[in-house]
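Visitor: Take this structure, written in structure tokens, and hold onto it; I'll ask about it next.
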Amino acid sequence: MTLRSQARALLIQAATLARLDDVALHFQNRRKPSLGLVVAVHETPASLANQFQEQLEWVSRHFTIASLEVFARLWEHLPKSDAKPPILFTFDDGRESNYTVAAPLLESFGGRGVFFVVPAFAECAPADALAFYRSRINPNSQPGDEKWEDWKPMSPGQIAELAARGHAIGNHTLTHERLVGRSPENLEREIGDSASKLSGWTEKPVDAFAWTFGWDAIDSKAWTVAQRHHRFCFAPCPGAIDARYDSPALLWRREIELRYSAAEYRLLYSGLADSWWSAHRTHLRRKLRVSPLHKIEVL
Ligand SMILES: [Zn+2]
């Protein structure tokens, strides 16, 4: 265990013992009806389906598991202050386990997810998918580490079926490209062509975009192209979303994986750890020149 993960484990233990996560949740949920949360998940293997079910049961007691369409209503009219805040689950890279495990479980809670897929990964022949995963999606993976559930992609047919079942299909670039310092042609191919291909498969508009890799792996040119093609742009940077200030053009996402312990996910859902990221959020707003929305009246 590294020093950093030791410190993290200690913090989780201390916060749980002090029931700080419950206090924070109460504060977060009741005092600000304009708040919503977005969660980012990657692989969803069948071996963790029970853990996901337990996590969703806990989540559904504190939040309303929403679809993208329902979540977007935060910007139309704010929920009543005693309503549970909406939470949106998003899944990155388009693994088949998201189709087989995550989508049906979310549906059993009345929810629908956003699946950020990579068309070139979805189109990989079975023999090429692992090489694509290692070279494009997870360059840190070591041969022998990966289970098939990490790297087996959803097919275009499965993606279209999810869209037909009410899930949103989001754009995660054509080839899982890192969007910093790219040419205008490359950006149009990775973002615009990818969106067209996805809407060809789903026969629906593709409203959501999520950039790849780290919180700062984006520049203003890439973000402007994403803006041209999508209403919602999701950052891999944690934070609660406050619809009075946050624009759909730059939305925060908190990574909470299925393998996290109950103590860990409760702490993350509480928002207690989000202040660590506030400088990153400010940096992104400035870099992408996203100004806060005007304050609107709380109903
Ligand atoms: Zn990704």
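Visitor: Which of the residues belonging to the stretch 108-150 are away from the ligand (no atom under 16 Å from the Cβ), in a loop (DSSP other than H, G, I, E, B) and either under 21 Å from the mean Cα position of the chain (by Cα) or buried (at least 21 other Cβ atoms within 10 Å of the Cβ) (or both)?
Guide: Within the stretch 108-150, PHE109, GLY110, GLY111, ARG112 qualify.
Visitor: Quick one: how many residues across the stretch 180-194 are open to solvent by 60 Å² or more (accessible area, probe 1.4 Å), within 16 Å of the ligand (Cβ to nearest atom) and farther than 24 Å from LYS287 by Cα?
Guide: 0
Visitor: Related question: Residues in the stretch 151-168: is at least one within 16 Å of the ligand (Cβ to nearest atom), open to solvent by 60 Å² or more (accessible area, probe 1.4 Å) and either touching a residue at least 40 places away in the same chain (Cβ under 8 Å) or among the aromatic types (Phe, Trp, Tyr) (or both)?
Guide: To start, the set of residues in the stretch 151-168 that are within 16 Å of the ligand (Cβ to nearest atom) comprises 151-154, 159.
Keeping just the survivors that are open to solvent by 60 Å² or more (accessible area, probe 1.4 Å) gives 152.
Still in the list and also either touching a residue at least 40 places away in the same chain (Cβ under 8 Å) or among the aromatic types (Phe, Trp, Tyr) (or both): 152.
Taking every residue of the stretch 151-168 in turn, at least one turns out to be within 16 Å of the ligand (Cβ to nearest atom), open to solvent by 60 Å² or more (accessible area, probe 1.4 Å) and either touching a residue at least 40 places away in the same chain (Cβ under 8 Å) or among the aromatic types (Phe, Trp, Tyr) (or both).
Visitor: Within the stretch 179-194, how many residues are in contact with a Phe, Trp or Tyr (Cβ under 8 Å, 6 or more places away or on another chain) and free of Cβ contacts under 8 Å to residues at least 40 places away in the same chain?
Guide: Going through the stretch 179-194, the residues in contact with a Phe, Trp or Tyr (Cβ under 8 Å, 6 or more places away or on another chain) turn out to be 179, 191.
With the extra rule that they be free of Cβ contacts under 8 Å to residues at least 40 places away in the same chain, the set shrinks to 191.
The number of residues fulfilling the criteria is 1.
Visitor: Checking TRP148 against (1) touching a helix residue (DSSP H, G or I) at 6+ places or on another chain (Cβ under 7 Å); (2) of a type in the set (Phe, Trp, Tyr); (3) free of Cβ contacts under 8 Å to residues at least 12 places away in the same chain, only one condition comes out false. Which one?
Guide: Among (1) touching a helix residue (DSSP H, G or I) at 6+ places or on another chain (Cβ under 7 Å); (2) of a type in the set (Phe, Trp, Tyr); (3) free of Cβ contacts under 8 Å to residues at least 12 places away in the same chain, TRP148 violates only (1).
Visitor: Being away from the ligand (no atom under 16 Å from the Cβ) and surrounded by fewer than 17 Cβ atoms within 10 Å (Cβ to Cβ) is the filter here, so list the residues in the stretch 208-226 that pass it. Talk me through it step by step, then tell me what you get.
Guide: From the stretch 208-226, those away from the ligand (no atom under 16 Å from the Cβ) are 219-221, 223-225; that's our starting set.
Scanning the stretch 208-226 gives ASP219, SER220, LYS221, THR224.
Visitor: Might you check whether a residue that is in contact with an Asp or Glu (Cβ under 9 Å, 6 or more places away or on another chain) and assigned to a loop (DSSP other than H, G, I, E, B) occurs anywhere in the stretch 55-68? Let's see the steps before the verdict.
Guide: Going residue by residue through the stretch 55-68, those that are in contact with an Asp or Glu (Cβ under 9 Å, 6 or more places away or on another chain) are 68.
Applying the additional criterion that residues be assigned to a loop (DSSP other than H, G, I, E, B) yields none.
No.
One line per residue, one yes/no per condition, for (1) β-branched (Val, Ile, Thr); (2) farther than 29 Å from ALA15 by Cα; (3) open to solvent by less than 20 Å² (accessible area, probe 1.4 Å); (4) within 16 Å of the ligand (Cβ to nearest atom):
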residue: ARG178; (1), (2), (3), (4): no, yes, no, yes
residue: SER196; (1), (2), (3), (4): no, yes, no, no
residue: PRO236; (1), (2), (3), (4): no, no, no, yes
residue: GLY239; (1), (2), (3), (4): no, no, yes, no
residue: ILE256; (1), (2), (3), (4): yes, no, yes, yes
residue: SER261; (1), (2), (3), (4): no, no, no, no
residue: LEU268; (1), (2), (3), (4): no, no, no, no
residue: TRP277; (1), (2), (3), (4): no, no, no, no
residue: ARG281; (1), (2), (3), (4): no, no, no, no
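Visitor: In the stretch 200-236, which residues are over 17 Å from ARG286 (Cα atoms) and among the polar types (S, T, N, Q)?
Guide: THR202, THR212 - these are the residues of the stretch 200-236 that are over 17 Å from ARG286 (Cα atoms) and among the polar types (S, T, N, Q).
Visitor: Kindly list the number of the only condition in (1) aliphatic (A, V, I, L, M); (2) more than 16 Å from the chain's Cα centre (by Cα); (3) open to solvent by less than 10 Å² (accessible area, probe 1.4 Å) that fails for VAL38.
Guide: If we test VAL38 against (1) aliphatic (A, V, I, L, M); (2) more than 16 Å from the chain's Cα centre (by Cα); (3) open to solvent by less than 10 Å² (accessible area, probe 1.4 Å), just (2) comes out false.
Visitor: Pairs, please: C-beta under 8 Å, at least 6 apart or cross-chain, first residue polar (S, T, N, Q) and in the stretch 91-106, second more than 16 Å from the ligand (Cβ to nearest atom) and open to solvent by 10 Å² or more (accessible area, probe 1.4 Å)?
Guide: Close Cβ pairs satisfying both conditions: SER97/PRO45; SER97/ALA46; THR100/ALA46.
The values are calculated or read from the model by the stated rules, or taken from the named source; none is laboratory data. These numbers were taken from a predicted model, which means no experiment stands behind them. Every residue, glycine among them, receives a Cβ derived from its backbone with ideal geometry; neighbour counts consider all protein chains shown. With ligands, DNA and RNA removed, areas are computed over all heavy atoms of the protein, side chains included. Shrake-Rupley method; radii C 1.70, N 1.55, O 1.52, S 1.80 Å.
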